[in-house]
Amino acid sequence: MRHIIDLSDLTDKEFNDLYKLTTNIIDRPEDYVDACRGKVLGRLSTRPNLSFSTAMMRLGGSVVGFSDPRSSSTTKGETLKDTINMVSCYADMIVMRNPREGAAKAASLYSSVPVINAGDGGHLHPTQTLADMVTILRMRGSADDMKIGLCGDLKYGRTVHSLGYFMQQFGNRMIFASPEELRMPKEITDDLRAKGADIVETSDVKEALSPSDFVYVTRVQRERFPDEASYLRCKGSYIVNNELLKCAK
């Protein structure tokens, strides 16, 4: 397997092969307990620490690396290139999350082993989208001809950026619901529309829920706002609860 930096890099066959493999592992985990025996995962990530480490160990592999970037020699002036060159000497693949957009792509240029992007700043999150697609396909059987509500923080939410790009190829209508301050970046909506995506934008979350076959919600992230007043204007406005779900299918 090569690098997984952006899901648009995957061919249809590569995605279908990944989905079939994932489904087999979910349904028959006992068949894969030694699938990665002898392989080492280099972990350069924070929150993905448990998920990727557990997955690797359940497949019989092992994990090296660090979960806190401050634990690496970057605090001593080591560059990303230096870190990736070092870790790729010890690992068979690298999974990384980095607060800088484009960091995973840059790492892939220096690494001698595959790099898996587990989130780069507010840019993309392909591994989350792969997990989301597995959920959608296993529950619905198809990703075609749906109405999809994407709600919450669409400006900084890298998960919705990745999911939007991946879902547009299936001919779905996407309804983007967010506060004005957190709208999907114009360059992304323009790019998606240029690729043929059918997009509706609204600030009314009920407008997204009512027609949607499934709804994807991202939290309003306090740390992303420039000031407290901007955050307070949006706080609590995109929380899905039982009352709001009365508007859904």
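The values are calculated or read from the model by the stated rules, or taken from the named source; none is laboratory data. Note that the coordinates shown come from a computational prediction; the quantities given were computed from them, not determined experimentally. Neighbour counts are summed over all protein chains in view; Cβ atoms, including those assigned to glycine, are modelled from backbone coordinates with ideal geometry. Side chains are part of the model used for accessible areas, which takes the heavy atoms of the whole protein and leaves out ligands, DNA and RNA. Shrake-Rupley method; radii C 1.70, N 1.55, O 1.52, S 1.80 Å.
Quick one: how many residues across segment 219-228 are over 23 Å from Leu124 (Cα atoms) and in a helix (DSSP H, G or I)?
1
Identify the residue in segment 163-184 that is in contact (Cβ under 8 Å) with a residue 40 or more places away in the chain and assigned to a helix (DSSP H, G or I) and, among all such residues, is surrounded by the most Cβ atoms within 10 Å (Cβ to Cβ).
My answer is Leu163.
Counting just the residues of segment 86-119 that are of a type in the set (Gly, Ala, Ser), buried (at least 19 other Cβ atoms within 10 Å of the Cβ) and outside any helix (DSSP H, G or I), which one comes out modelled with the lowest pLDDT?
It comes out as Gly119.
Search segment 25-58 for residues being among the small types (Gly, Ala, Ser) and surrounded by 11 or more Cβ atoms within 10 Å (Cβ to Cβ), and hand back the single one that is farthest from the chain's Cα centre (by Cα).
Ala35
Please count how many residues of segment 112-168 are in contact with a strand residue (DSSP E or B) (Cβ under 8 Å, 6 or more places away or on another chain) and among the small types (Gly, Ala, Ser).
8
Cβ-Cβ distance below 9 Å, separation of 6 or more or different chains: which pairs start in segment 112-135 with a residue that is of a type in the set (Asp, Glu) and end on one that is in a loop (DSSP other than H, G, I, E, B)?
Hits for this filter: Asp120/Ile5; Asp120/Pro99; Asp120/Arg100; Asp120/Glu101; Asp120/Gly102.
Looking only at segment 131-158, filter to residues that are crowded, with 23+ Cβ neighbours inside 10 Å and not hydrophobic (A, V, I, L, M, F, W, C); which one of those is nearest to Val215 (Cα to Cα)?
Going through the qualifying residues, I end up with Gly149.
Has segment 204-214 got at least one residue that is of a type in the set (Gly, Ala, Ser) and open to solvent by 20 Å² or more (accessible area, probe 1.4 Å)?
Among the residues of segment 204-214, at least one is of a type in the set (Gly, Ala, Ser) and open to solvent by 20 Å² or more (accessible area, probe 1.4 Å), which makes the answer yes.
Condition first: open to solvent by 30 Å² or more (accessible area, probe 1.4 Å) and free of Cβ contacts under 8 Å to residues at least 24 places away in the same chain. Now tell me which residues in segment 1-24 satisfy that.
Asp9, Thr11, Asp12, Lys13, Glu14, Asn16, Asp17, Lys20, Leu21, Asn24
Run down Tyr238, Tyr216, Tyr231 and say which single residue is of a type outside the set (D, E, K, R), outside any loop (DSSP other than H, G, I, E, B) and in contact (Cβ under 8 Å) with a residue 60 or more places away in the chain.
Selected residue: Tyr216, the only one of Tyr238, Tyr216, Tyr231 that is of a type outside the set (D, E, K, R), outside any loop (DSSP other than H, G, I, E, B) and in contact (Cβ under 8 Å) with a residue 60 or more places away in the chain.
I need the full set of residues from segment 215-231 which are closer than 17 Å to Leu154 by Cα and open to solvent by 60 Å² or more (accessible area, probe 1.4 Å), in order please.
Within segment 215-231, Val217, Arg219, Arg222, Glu223, Arg224, Pro226 meet the criteria.
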